[in-house]
Amino acid sequence: MKANGCTIKSQRGFTILEVLVAFLVAALLLSVILSGFSSGMSQLVRVDRISQAAIVAQSRLAEVGVLQPLQAAQYKGRDEQFSEFYWQVDIVPFTWEFAGPLAAVGGIMYRVDVEVFWPSGEKTQSFLLSSLRLGQEELL
């Protein structure tokens with residue numbers, strides 16, 4: 001193209017301002033993506049801990065009435081497989097409207113609570129698993 005005898009060439013490419021804006025947008029998107037990835041990883045660790053605690057609680061609950069007598073009591077301990085977990089088992093008589101008729105035939109209902117604790121940063125997290133178990137009253 002010619003204007004007043006001078007040749008003007010059309011320039012192709014990006015200006016430095018356009019390049020800087022593109023880098024800024026890319027950096028913002030990358031920080032959002034990495035933040036989401038980091039949040040997802042921490043949630044994955046949290047869910048893994050909860051599932052391990054559920055395994056510990058289920059195994060302790062399965063022991064009640066088999067390895068531990070089904071009677072009002074409290075047990076505490078630390079898990080052998082997952083050493084950072086410690087647990088507490090509470091067995092208490094369960095009061096409900098049919099407790100009288102059940103006791104008349106020699107039965108008693110127990111509520112079994114198994115709570116598992118583990119450290120998580122500066123806090124202690126916990127998982128609670130509860131069940132009802134039917135037992136026999138001991139005759140004196």
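The residues of the range 51-70 that are farther than 27 Å from Gln136 by Cα and either surrounded by 13 or more Cβ atoms within 10 Å (Cβ to Cβ) or in contact with a Cys (Cβ under 6 Å, 6 or more places away or on another chain) (or both), listed by number, are Gln52, Ala53, Ala54, Ile55. Annotation note: Cβ proximity below 9 Å between a residue of the range 64-80 that is over 19 Å from Leu128 (Cα atoms) and a residue that is modelled with pLDDT of 90 or more and of a type in the set (Asp, Glu) (sequence gap 6+ or interchain) occurs for no pair. With respect to the conditions (1) closer than 26 Å to Leu132 by Cβ; (2) surrounded by 12 or more Cβ atoms within 10 Å (Cβ to Cβ); (3) over 24 Å from the mean Cα position of the chain (by Cα), Val21 lacks only one, and its number is (1). For Leu102, indicate whether it is over 23 Å from Val45 (Cβ atoms), surrounded by 12 or more Cβ atoms within 10 Å (Cβ to Cβ) and free of Cβ contacts under 8 Å to residues at least 40 places away in the same chain. When the stated conditions are applied, Leu102 passes them.
The values are calculated or read from the model by the stated rules, or taken from the named source; none is laboratory data. Fair warning: this is a prediction, and the values are worked out from it, not measured in the lab. In this analysis, Cβ positions are derived from the backbone assuming ideal geometry, glycine residues included, and neighbour counts consider all displayed protein chains.
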